[in-house]
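First comes the structure, then the notes that go with it.
The values are calculated or read from the model by the stated rules, or taken from the named source; none is laboratory data. These numbers were taken from a predicted model, which means no experiment stands behind them. Every residue, glycine as well, gets a Cβ built from its backbone with ideal geometry; the counts of neighbours run over all protein chains shown. When the accessible area is computed, the model is the full protein with side chains, heavy atoms only, and any ligands, DNA or RNA have been set aside. Shrake-Rupley method; radii C 1.70, N 1.55, O 1.52, S 1.80 Å.
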Amino acid sequence: MVAYTENPTQSHLYKITLDHPAVPSGLVIVGDVPLVAATVIGTADNLRGFDPRTLHASGNFTRVRIGVNRVPIRVDNPNPNVQVDAPSVITVTVDQLASTTQSVAIERVHALPPGFHEQTGSTTVTPATVRLDGPKSQLAGIQAFVQVDLDQLQGPFDQNYPVLVRDASKKTPKSITVTPSQVSVKMTIQADAVTVTKPVGWTLSGQPAPGYRVSNVILSPLQVNATGLLNQLAGINLLSTDAVDVNGATADITKAVNIRPPGGVTVSQQTVQVHVVITRSAQVSPSSSP
């Protein structure tokens with residue numbers, strides 16, 4: 001014999017959140033309040049049209065104390081066509097509510113792009129400290145920090161980040177409130193300086209004495225090392241120097257002159273020696289009169 005019914009009795013399990021459980025002042029629930037496992041029983045037709053949002057779970061937290069507590073709860077069901085089987089108590093752990101002030105650390109994620117660096121001396125967090133409120137047992141060894149992803153950063157920035165917390169076991173504790181929840185992180189990211197060899201130029205001012213001329217200019221050294229940002233160094237063809245005055249000269253001039261690099265560029269030595277060779281001009285002898 002085979003029994004068959006068109007509308008059998010069935011059941012369905014729902015997880016229900018307790019409505020805003022309140023605890024006495026100075027206490028706090030450790031972790032999340034457990035969801036209430038409620039089994040709804042009814043015919044297939046009734047369950048098909050049942051709305052679990054009509055279930056209402058509430059608990060009485062007014063008598064909890066520090067430690068493990070069995071809290072009485074109730075689940076109200078306004079639908080008379082189904083039955084609800086739910087526990088009458090849930091277990092929660094309660095602790096003393098405490099506070100601590102912690103400095104906010106920066107946890108740098110990934111590395112800066114090649115050719116860039118952070119000026120750590122100018123990095124700031126505002127505000128530098130936050131207040132953490134939560135179970136006293138979870139505040140031991142607690143850390144406050146922000147995560148800053150350095151990937152693709154190529155310049156200064158000032159940005160807000162959410163404050164994260166972790167305990168001494170590097171886990172994220174629950175029931176911790178952070179005030180303020182965000183801080184501003186300001187960093188200065190700069191391109192790295194590079195060193196390349198650059199030729200040195202020379203400049204003369206004035207004119208030798210009549211009958212004399214400049215026949216050669218010799219520099220020592222011809223090149224020096226220049227250090228600066230790559231894009232700035234790329235625009236330098238010659239490093240300029242102070243001018244050598246040859247006005248009225250009748251003999252060679254040897255002088256140490258200062259190198260004048262552009263702003264932001266430094267050189268391996270400050271001066272070069274310039275040797276200006278002065279020679280007599282070729283004279284054309286006048287022809288004799290007939």
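Is it true that some residue in region 185-195 is surrounded by fewer than 17 Cβ atoms within 10 Å (Cβ to Cβ) and over 30 Å from ASP149 (Cα atoms)? No, every residue in region 185-195 fails to be surrounded by fewer than 17 Cβ atoms within 10 Å (Cβ to Cβ) and over 30 Å from ASP149 (Cα atoms). Checking every residue in region 199-212 against the condition of being of a type outside the set (A, V, I, L, M, F, W, C), open to solvent by 80 Å² or more (accessible area, probe 1.4 Å), free of Cβ contacts under 8 Å to residues at least 12 places away in the same chain and within 30 Å of ARG280 (Cα to Cα) gives at least one match. Is at least one residue of region 116-139 outside any helix (DSSP H, G or I) and out of contact with any strand residue (DSSP E or B) (no Cβ under 7 Å at 6 or more places or on another chain)? No, region 116-139 has no match at all.
Picking from residues in region 231-256 that are of a type in the set (A, V, I, L, M) and in a strand (DSSP E or B), the one that is nearest to GLN207 (Cα to Cα) is VAL244. Within region 254-269, the set of residues being touching a strand residue (DSSP E or B) at 6+ places or on another chain (Cβ under 7 Å) and under 19 Å from GLN232 (Cβ atoms) comprises ILE259, ARG260, PRO261, GLY264, VAL265, THR266, VAL267, SER268. If you check LEU239 against the conditions, is it surrounded by fewer than 12 Cβ atoms within 10 Å (Cβ to Cβ) and modelled with pLDDT of 95 or more? Spelling it out, it is not the case that LEU239 is surrounded by fewer than 12 Cβ atoms within 10 Å (Cβ to Cβ) and modelled with pLDDT of 95 or more. Among the conditions (1) over 30 Å from SER99 (Cβ atoms); (2) out of contact with any Ser or Thr (no Cβ under 7 Å at 6 or more places or on another chain); (3) surrounded by fewer than 18 Cβ atoms within 10 Å (Cβ to Cβ), ARG63 misses just one, which is (1). Among residues of region 268-290 that are outside any strand (DSSP E or B), those with a beta-carbon under 6 Å from a residue that is modelled with pLDDT of 65 or more at least six positions away or on a different chain give the pairs SER268/VAL224; SER268/ASN225; GLN269/VAL224; SER281/GLY211; SER281/ARG213.
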